[in-house]
Amino acid sequence: MAALHHGIVESTVWQQEQDTQAFAQQLANALLELQPPGNALIELRGNLGAGKTTLARHLLQALGVAGRIKSPTYAVVETYLLKLSGAELAISHFDFYRFNDPDEWEEAGFRDLFAAPGLKLVEWPDKAQDRLPAPDLVLEIHSQESQAIEDEQSVSPRQVKMSSFSAKGDALLKGLQ
């Protein structure tokens with residue numbers, strides 16, 4: 001990732017999935033306060049199974065996406081179009097996990113999608129290396145798996161670091177407080 005410098009860094013812990021869902025609702029509210037609403041680039045970072053897709057699903061539901069929300073792991077991108085009080089919000093959920101070469105980003109024609117207004121959620125942004133525009137917000141999710149989990153119903157806590165890289169990112173973090 002290119003050297004990113006900016007403002008606010010916060011952290012939190014999600015003890016259970018309901019915490020992830022509550023966070024997603026707060027983030028959705030903060031996104032809708034932006035002008036234009038929802039126009040941001042958010043990178044979701046973390047190891048396999050950290051909860052990036054779970055957060056994205058909860059966020060998309062909180063924004064009003066109805067029906068089944070598919071993981072973009074195989075399709076690379078899933079897109080949604082929402083009507084918000086007369087305006088439209090284009091949402092693109094990317095997952096670059098399967099990229100073997102960062103040039104695949106360019107070859108797929110994603111430059112135009114990233115240049116267009118709307119919300120971009122990006123899982124595995126490091127696989128596209130320096131091809132991506134600078135994010136507004138980076139969410140780093142780490143599973144605290146060091147605790148043995150005997151009960152299959154349990155979910156290990158998630159440590160979440162939130163870093164802002166723009167005025168929009170600052171506004172989003174302020175909306176999460």
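Readers should treat all values here as calculations from the given coordinates under stated rules, not as data from a laboratory. Since the structure is predicted, the reported quantities are computational estimates derived from the model, not experimental observations. Methodologically, a virtual Cβ is constructed for each residue, glycine included, from the backbone with ideal geometry; neighbour enumeration extends over all protein chains shown.
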Checked the chain with the C-alpha gyration tensor, a ≥ b ≥ c its square-rooted eigenvalues, rounded below a/c of 1.5, otherwise prolate if a/b is larger than b/c and oblate if not; verdict rounded
Among beta bridges assigned by DSSP with both residues in the chain, the antiparallel ones amount in percent, to the nearest 5, to 60
Most exposed first, judged by fewest Cβ atoms within 10 angstrom, 74, 97 run 74, 97
Note: residue 71 to residue 13 extended length (0.36 nm per residue) minus current alpha-carbon separation gives 18.5 nm
Simple spin-label estimate for residue 103/residue 174, 7 Å along Cα→Cβ, in nm, reads 4.4
Taking a crude spin-label model, label points 7 Å out from Cα along the C-beta direction, the residue 25 to residue 126 distance in nm is 3.3
If every Lys and Arg gets +1 and every Asp and Glu gets -1 at its Cβ, then about the Cα centre the chain yields a dipole, in debye to the nearest 20, of 440
Residue by residue through region 91-107, the couplings from Karplus 6.51 cos²θ - 1.76 cosθ + 1.60 with θ = phi - 60°, in Hz, x for Gly and Pro, are 10, 10, 10, 9, 9, 8, 3, 7, 5, 9, 9, x, 5, 4, 4, 5, 5
Note, region 110-121: 3J(HN,Hα) by Karplus (6.51, -1.76, 1.60, θ = phi - 60°), whole Hz, Gly/Pro = x, goes 6, 3, 5, 4, 6, 7, 6, x, x, 9, 10, 10
If unit charges are put on Cβ atoms (+1 for Lys and Arg, -1 for Asp and Glu) and the dipole of region 1-75 is taken about its Cα centre, the option from 15, 35, 59 lying farthest towards the positive end turns out to be 59
Given the candidates 162, 93, 80, the one whose Cα lies deepest towards the positive end of the charge dipole of the chain, counting +1 at each Lys or Arg C-beta and -1 at each Asp or Glu C-beta, is 80
Around residue 137 (Cβ within 15 Å, Cβ-to-Cβ, excluding residue 137; K/R +1, D/E -1) the net charge comes to -1
